Amino acid sequence: MKILLVGHGGREHAIALALARSRVHPELAAYMSSINPGIEELSSRIYNGSMQDVGSITSIAKGERVDLVVIGPEEPLMHGVIDQLLEAGIPAFGPTRALANLEGNKALLRKIISLAVPEANPIYRECVTRGQVCDTIHAVQNVAVKPVGLTGGKGVRVSGKQLSGEAEAEEYALEILVRDGKVLIEELLDGEEYSQMVFSDGVHLMPMPLAQDAKYAYEGDQGLMTGGMGSYTQADQLLPFVSESDRQKSFEILKKVIDAAQGEFGEAYHGVLYGQFMLTRSGPKLVETNARFGDPEAINVVSLLRTDPVDVFMGAATTLPDKIEFEPMASVCKYLVPEGYPETRPEPVSVQIAESVLEEEGTRLIYAGAERQRTGVVATGSRFAAVLAVRPTVEAAEEAVERTIHRLDLKGVRHRPDVATPALLKKRVEHMQRVMQGQ
Ligand code: AMP
Ligand code: GLY
């Protein structure tokens, strides 16, 4: 069996590692826009190209006569790579262009939720005039202001964080309105965020363990938002502040969203749907959905797959197996990022990795913004690599990650030491308790 994997981040390296441990030992080809050394090592053929060049991806899949294409990032999905692959008769992991709009068009997502499961929406309005912007902000007061299209995690601003007061919210919303002709304004939700991802084959939906990532760049949730500095999952697949009943509600919400989107577009949703939820006083609300795995969350859940990963990925592209099982273990991963990230685009720095430390500690290094050069591995500017530990408890996994990072003693990169610590988890639980008590 031959599989083409598209993408070059930590998410895709974790997928490559999972596919490589399948009992069918698939041959891997990889299409990347920057050569991830971890994926390179696992692949028999490497292609270098743009994530928007879906014509090339399809030609390579045809030329290599692959049995399956796995798309990691959103960009090729938005450019219709799945539609092209399906036309060529090649099984592919990921939704069509129309269904990928669950990520690419936030106003469409809100409309679908309001039809299918309105209780999962915040109050919101897609504004197309200055009057609408001013009226909505005045009425709602505490708001989240967003461009309707993809923002790379950076276009959203919320009251109390990036926006202080009505005037600033209005100014930012009007800036987006002038640029895009529309802007989405939502009620600010109060609660704790978590991710529920599901595999879908268009008929069946299967949940993955819940994960929580740490979005802010620095300890104590300070600094700018990033793609995620690290994430954790528990052995029972829940989170310290999410009950089984809330998990089931989140799963049902995603099921209704997928059903409604499939009805709207008359197409089947294949691949993964990522639900970013906020657990609020009135239950789980959907903050956004993504048409791909979260990164770093994929590193946790894909590494925990007990069901053969090829059955899972091929299954989502065709028909899912009856059950998808995960190891009953906790996982913690923390990203190492270059000094200066994310405020600046740091210059590449060479990083010397002592592989023996990872072996001794029983931890893994998942490469992301990394390239191999003559002198060794280089951190290219964005998130460099994640350290992952799988253990019976979050506490043990967190300690193993910290010990590994300490012993690796890498120069030029830093991480968030508080991710998944008992103190941070306690803070999350206490925040949730205050929210539930309406304080
Ligand atoms: P998005 O790109 O829509 O996921 O937004 C990025 C981040 O902004 C989310 O993960 C939340 O932390 C925050 N955010 C977005 N919408 C809201 C909302 N309605 N209420 C509170 N926070 C929000
Ligand atoms: N970690 C959040 C995301 O991948 O969008």
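Listing for the model above:
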{"item": "Among residues of region 247-274, those that are within 16 Å of ligand 2 (Cβ to nearest atom) and under 13 Å from A291 (Cβ atoms), counted", "result": "5"}
{"item": "Region 186-215, residues that are over 27 Å from G263 (Cβ atoms), over 13 Å from the mean Cα position of the chain (by Cα) and either among the β-branched types (V, I, T) or open to solvent by less than 30 Å² (accessible area, probe 1.4 Å) (or both)", "result": "G191, E192, P209"}
{"item": "Close pairs from region 32-54: first within 21 Å of L17 (Cβ to Cβ), partner part of a strand (DSSP E or B) and hydroxyl-bearing (S, T, Y), Cβ under 7 Å, at least 6 apart", "result": "N36/Y367; P37/Y367; G38/Y367; Y47/Y31"}
{"item": "Residue that is farthest from ligand 1 (Cβ to nearest atom), among those in region 270-285 that are within 17 Å of the chain's Cα centre (by Cα) and either at positive phi or buried (at least 23 other Cβ atoms within 10 Å of the Cβ) (or both)", "result": "H270"}
{"item": "Residue identified as open to solvent by less than 10 Å² (accessible area, probe 1.4 Å) and either among the acidic types (D, E) or at pLDDT below 95 (or both) among E12, E74, E27", "result": "E12"}
{"item": "Wholly enclosed helices (runs of 4 or more DSSP H) of region 1-106 bearing at least 1 residues in contact with a Ser or Thr (Cβ under 9 Å, 6 or more places away or on another chain)", "result": "10-20, 54-63, 74-78, 81-87, 97-104"}
{"item": "Some residue of region 139-160 being part of a helix (DSSP H, G or I), open to solvent by 40 Å² or more (accessible area, probe 1.4 Å) and more than 16 Å from ligand 1 (Cβ to nearest atom)", "result": "no"}
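The values are calculated or read from the model by the stated rules, or taken from the named source; none is laboratory data. What you are looking at is a predicted structure, and each value in this text was computed from that prediction instead of being measured. In this analysis, Cβ positions are derived from the backbone assuming ideal geometry, glycine residues included, and neighbour counts consider all displayed protein chains. Protein only, heavy atoms only, side chains kept; ligands, DNA and RNA dropped before computing areas. Shrake-Rupley method; radii C 1.70, N 1.55, O 1.52, S 1.80 Å.
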